[in-house]
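**Student:** One structure follows; several queries about it will come next.
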Number of protein chains: 2
Amino acid sequence: MTDLAALKAELEGLAIEDNPQIVRQKSRDFFWYSPILKRQLEEVTGDLVVTVRSEAEVIRVLKACYARDIPVTTRGAGTGNYGQAMPLSGGVVLNLAEMNQVLEISTGAVRAEAGAIIATIDEAARKSGQELRMHPSTSRTATIGGFIAGGSGGIGSINWGGLRDFGNILKLRVVTMEEEPRVLEMSGEDLHKVSHAYGTNGIITEVEMPLTAAYDWVDVLVGFDSFADAARFGDALANQDGLLTKEIAPIAAPLPYDYFLRHRKYLHSNQSVCAILVAPFAMDAFAAFCGRYADATVLYRSDRASEEDRKTLPPVSELTWNHTTLRGLRVDPTITYLQVLYPFPDHIRKAVQLAELFGDEVVGHLEFVRFDGKVTCFGLPVVRYTTEERLEEIMRIHEEHGCPIFNPHRYTLEEGGMKQTDEVQLAFKKEADPKGLLNPGKMIAWENPDFDFSSRQTYLFPGLAS
Amino acid sequence: MTDLAALKAELEGLAIEDNPQIVRQKSRDFFWYSPILKRQLEEVTGDLVVTVRSEAEVIRVLKACYARDIPVTTRGAGTGNYGQAMPLSGGVVLNLAEMNQVLEISTGAVRAEAGAIIATIDEAARKSGQELRMHPSTSRTATIGGFIAGGSGGIGSINWGGLRDFGNILKLRVVTMEEEPRVLEMSGEDLHKVSHAYGTNGIITEVEMPLTAAYDWVDVLVGFDSFADAARFGDALANQDGLLTKEIAPIAAPLPYDYFLRHRKYLHSNQSVCAILVAPFAMDAFAAFCGRYADATVLYRSDRASEEDRKTLPPVSELTWNHTTLRGLRVDPTITYLQVLYPFPDHIRKAVQLAELFGDEVVGHLEFVRFDGKVTCFGLPVVRYTTEERLEEIMRIHEEHGCPIFNPHRYTLEEGGMKQTDEVQLAFKKEADPKGLLNPGKMIAWENPDFDFSSRQTYLFPGLAS
């Protein structure tokens, strides 16, 4: 009996899938946004998908896999873009999507199982007038555990910063990959051990997240003659301390007209657009603010739209962050994108400078966020892709201009992040996953402690070649 | 029959007070925080106090006073510190304290009469899980209309900026001082006409203010060996985007020990203190954040205090803003204070530099706020007062160091503010108070259009000398 056959026998009673086509489908995420990851990861697949329904089942799977040295890669809804949930060494794909209960809502906090859909949590919280502080543009499909393990921020980050910031995650329950898996409760400083670690050093089974006041956010699109005007308007709006918004995204022409097909009647091909969510009670103030910008034209506001439009148009939140890219890919599958930080206080100047430098090859898309207490912008520009070499060059030029790239064309934690070892996460992996069985190949510091991040070499996980 | 006697006759049925002692008491505010204003305004008194109970009564009073050229100075609870509500030319003190109804609470907004007590509004809003965004330390006595007409921000401004910012006031109803008084509804850009205008160009009768999520804020005092350490800690905390606080005030030794008598058992005379309000669900994150500062000692947190302490100690909000000064004045009536802006990004360096420059003569007290989108600090340092000349010199030295003074030792709008004409407020006064009968002597631009703000001369209202 092979190890896998023995594992299946041992896990009898759990929901196990071994149909290769389904397993392959459940081994993928949105890695194909990147032509580089598409080439590298296309053939990646696990051997089995185990869908767990309780923490006890998670423990049972981990214990069995530990005993047989079988890798375990955890998956929520698979909406990540960097192969976070892809099992580079095969083995078990641990599907948490059915551990999806919202457990408790209190003032300022929600407790939920890790596989709960973000929009479902928001819907439950809304009954108490509350909602999550931030969510990705994929909130209707993404799980809260996947967001914490593989994401960094999104809609709402203009008010609250990112998941990495103290206070944006309250508590996590984490199961370790040991002979006898332990269940740890983490809060405060400990949260940094496992958040944004792609499930490489523990399995998040339950989360407690802060809530904030819920509003019926008004979707707004404002048009500008130039991307620079849209960027400056967005920056000024984001710095209005009393004018409550949840999302501010300047997107350069011609992307809005070309990609936002269902909003097209409101758009012009030569207009850059700011996509904004505004609190309903702030609309008078917002209109007054817009009045100070002669070049700002309010193209669409959902509070004044027809019943028909309100029902049928996608929400503005699904025009922003990586939904901008996704809508672009539907129109033109050859594009790709970057993730750039334009550091405060030169963020607008740099964003505009780089947009001008690349012209139509790299088209601007900014997302305003709070970052270490300041309003700055993150960018997800659309790239008219030609070759891997040129894509690397474009990223290098951004970094030469002082704009760090969070590389979405790499599948490792470090290359997609700070390009250095995260000692806290590494130390916790040594403790919680001593055999290195959790999501192999994603943490370079574990796989190859001597890797030289300054070399600009891409890390290639040996397992991928085998 | 004198004009006043005729007025009284005409206003029959309204609540009119003409007992000179009571009128004098109702003609005063907390101007005596300033030794200069104390000298200048000590003898100021109105002739009558009219306590109105409805907008119709306000209109009736204004119409009658307009016809007889009798000045009208509006008053809420009289908690201002600059003589905002003091009738420099006598006449009618229009008391709005009994127009105090909370009218309507909706998601994100509250509508109330101008004389409603701020704490009463918060109590009503709390039933829906909401509270006002910001309030002065005097919220238990101050009226919302007085805050808008005479204040600028306070507890909560660390999240929302000041009242001047778009979105922090939603709507105002304003009655003009004309032959036929008009009732105007103002929102958006118009709000700047009458907010922080001391009632010089219209009477605010009703307000609509934004609400935010209400929490049972935890009172925290953190001790430091030096004021500089407390200031740096406060700045770092204020820049934590995910760690929800409502108030952060570093106060230099020996003020906390000397002035916060009921908290004294928690304090040491050589410790500087950060007085903080933290959201209850953020306490784990707050403790983790404190753990990163070796020199930070948590001295008091209300969520772990005894029942007795929680009942009897004043809330931390009543240790901050001008309650710090008030507690100081109770211990040592010879002190006074300043109002300083330490501009971003050099705010900490400048605050520490000025504290060191003056030593025990000017003792540091900072209040972190958002100002044009950045975290910076406002200061209300305690001054060991000697002479008016030295006080002026201390203020000059602050301005020479690039730290603007919002002078709390002047009774005019301009001298206490931006030291320039506010053209919007002036234009509206010409329209809404053509005879100049509203709160005379407070708007220099109206009284003396040729006044030279660059001269550093103090404006002296002629009416005061008469």
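**Student:** Residues A:Lys374, A:Lys350: which one is more than 14 Å from every other protein chain (Cβ to nearest Cβ) and closer than 22 Å to A:Met418 by Cβ? Steps first, please.
**Tutor:** Details: A:Lys374 fails: more than 14 Å from every other protein chain (Cβ to nearest Cβ).
Residue meeting the stated conditions: A:Lys350.
**Student:** Right, next: Where residues in the range A:256-269 are out of contact with any strand residue (DSSP E or B) (no Cβ under 6 Å at 6 or more places or on another chain) and touching a residue at least 24 places away in the same chain (Cβ under 8 Å), which of them is nearest to A:Asp360 (Cα to Cα)?
**Tutor:** Quick first cut of the range A:256-269, residues out of contact with any strand residue (DSSP E or B) (no Cβ under 6 Å at 6 or more places or on another chain) only: A:257-265, A:267-269.
If we keep only those that are touching a residue at least 24 places away in the same chain (Cβ under 8 Å) as well, we get A:258-263, A:267-268.
Working: A:Asp258: 13, A:Tyr259: 15, A:Phe260: 18, A:Leu261: 20, A:Arg262: 23, A:His263: 22, A:Leu267: 19, A:His268: 17 Å.
Top of the filtered list is A:Asp258.
**Student:** I need the full set of residues from the range B:152-171 which are of a type outside the set (A, V, I, L, M) and either crowded, with 24+ Cβ neighbours inside 10 Å or at positive phi (or both), in order please.
**Tutor:** Across the range B:152-171, the qualifying residues are B:Gly153, B:Gly154, B:Gly156, B:Ser157, B:Gly161, B:Gly167, B:Asn168.
**Student:** Across the range A:254-282, what is the number of residues that are open to solvent by less than 30 Å² (accessible area, probe 1.4 Å) and out of contact with any helix residue (DSSP H, G or I) (no Cβ under 8 Å at 6 or more places or on another chain)?
**Tutor:** Of the range A:254-282, the ones open to solvent by less than 30 Å² (accessible area, probe 1.4 Å) are A:255-256, A:259-260, A:263, A:267, A:271-279, A:282.
The next check asks that each one be out of contact with any helix residue (DSSP H, G or I) (no Cβ under 8 Å at 6 or more places or on another chain); those that pass are A:279, A:282.
Residues that pass the stated criteria total 2.
**Student:** If you take the residues of the range B:196-209 that are surrounded by fewer than 24 Cβ atoms within 10 Å (Cβ to Cβ) and closer than 30 Å to A:Ser128 by Cα, which of them is farthest from the other protein chains (Cβ to nearest Cβ)?
**Tutor:** Going through the qualifying residues, I end up with B:Glu206.
**Student:** Condition (residue is polar (S, T, N, Q) and either in a loop (DSSP other than H, G, I, E, B) or more than 14 Å from chain B (Cβ to nearest Cβ) (or both)) applied to the range A:210-218: is it met by at least one residue?
**Tutor:** Taking the range A:210-218 first, the residues polar (S, T, N, Q) are A:212.
Subsequent filtering for residues that are either in a loop (DSSP other than H, G, I, E, B) or more than 14 Å from chain B (Cβ to nearest Cβ) (or both) retains none.
Among the residues of the range A:210-218, not one is polar (S, T, N, Q) and either in a loop (DSSP other than H, G, I, E, B) or more than 14 Å from chain B (Cβ to nearest Cβ) (or both), which makes the answer no.
**Student:** From the list A:Asp295, A:Asp303, which one is within 14 Å of chain B (Cβ to nearest Cβ) and either farther than 30 Å from B:Val110 by Cβ or open to solvent by 20 Å² or more (accessible area, probe 1.4 Å) (or both)? Walk me through it before giving the result.
**Tutor:** On the way: A:Asp295 fails: within 14 Å of chain B (Cβ to nearest Cβ).
Answer to the check: A:Asp303.
**Student:** State all residues of the range A:227-253 that are more than 8 Å from chain B (Cβ to nearest Cβ), surrounded by 23 or more Cβ atoms within 10 Å (Cβ to Cβ) and of a type in the set (D, E, K, R); if no residue qualifies, say none.
**Tutor:** Matches in the range A:227-253: A:Lys246, A:Glu247.
**Student:** Restricting the search to the range B:282-300, which residues are touching a residue at least 24 places away in the same chain (Cβ under 8 Å) and assigned to a helix (DSSP H, G or I)? Full working, then the answer.
**Tutor:** Step one: of the range B:282-300, the residues touching a residue at least 24 places away in the same chain (Cβ under 8 Å) are B:282-283, B:285-286, B:289-290, B:293, B:295-300.
Within the range B:282-300, B:Ala282, B:Met283, B:Ala285, B:Phe286, B:Phe289, B:Cys290 qualify.
**Student:** Looking at B:Val61, is it touching an Asp or Glu at 6+ places or on another chain (Cβ under 8 Å), more than 14 Å from chain A (Cβ to nearest Cβ) and within 21 Å of B:Leu7 (Cα to Cα)?
**Tutor:** Values: touching an Asp or Glu at 6+ places or on another chain (Cβ under 8 Å): no; more than 14 Å from chain A (Cβ to nearest Cβ): yes; within 21 Å of B:Leu7 (Cα to Cα): yes.
The answer is no for B:Val61.
**Student:** Let me ask something else about it. Please specify each residue of the range A:35-53 satisfying the condition of being part of a helix (DSSP H, G or I) and among the charged types (D, E, K, R). Break it down into steps so the answer makes sense when it comes.
**Tutor:** Step one: list which residues in the range A:35-53 are part of a helix (DSSP H, G or I), which gives A:35-41.
Answer for the range A:35-53, where residues must be part of a helix (DSSP H, G or I) and among the charged types (D, E, K, R): A:Lys38, A:Arg39.
**Student:** Do we find a residue being of a type in the set (A, V, I, L, M, F, W, C), within 20 Å of B:Ser89 (Cα to Cα), part of a helix (DSSP H, G or I) and more than 20 Å from the chain's Cα centre (by Cα) anywhere in the range B:407-415? Let's see the steps before the verdict.
**Tutor:** Here is the first cut: in the range B:407-415, the residues of a type in the set (A, V, I, L, M, F, W, C) are B:413.
Applying the additional criterion that residues be within 20 Å of B:Ser89 (Cα to Cα) yields B:413.
Those left that are additionally part of a helix (DSSP H, G or I): B:413.
This time we only want the ones that are more than 20 Å from the chain's Cα centre (by Cα), so: none.
No - not one qualifying residue is present in the range B:407-415.
**Student:** Any residue at all in the range B:385-394 that's buried (at least 23 other Cβ atoms within 10 Å of the Cβ), under 23 Å from the mean Cα position of the chain (by Cα) and not β-branched (Val, Ile, Thr)?
**Tutor:** No: the range B:385-394 contains no residue that is buried (at least 23 other Cβ atoms within 10 Å of the Cβ), under 23 Å from the mean Cα position of the chain (by Cα) and not β-branched (Val, Ile, Thr).
**Student:** Here's another thing I want to ask about it. Just name the residue that is farthest from A:Gly328 (Cα to Cα) out of those in the range A:19-34 that are part of a helix (DSSP H, G or I) and open to solvent by 60 Å² or more (accessible area, probe 1.4 Å). Lay out the reasoning, then the answer.
**Tutor:** Filtering the range A:19-34 down to residues part of a helix (DSSP H, G or I) leaves A:20-25, A:31-33.
Add one more test, that the residue is open to solvent by 60 Å² or more (accessible area, probe 1.4 Å), and what stays is A:20-22, A:24-25, A:32.
Numbers: A:Pro20: 31, A:Gln21: 28, A:Ile22: 27, A:Arg24: 26, A:Gln25: 23, A:Trp32: 13 Å.
Only one residue tops the list, namely A:Pro20.
The values are calculated or read from the model by the stated rules, or taken from the named source; none is laboratory data. A quick note: this is a predicted structure, and the numbers were derived from the prediction, not measured. With ideal geometry, Cβ positions are generated from the backbone for all residues, glycine too; neighbour counts draw on all protein chains shown. For the accessible areas, the whole protein counts, side chains as well, though only heavy atoms, and no ligand, DNA or RNA atoms are used. Shrake-Rupley method; radii C 1.70, N 1.55, O 1.52, S 1.80 Å.
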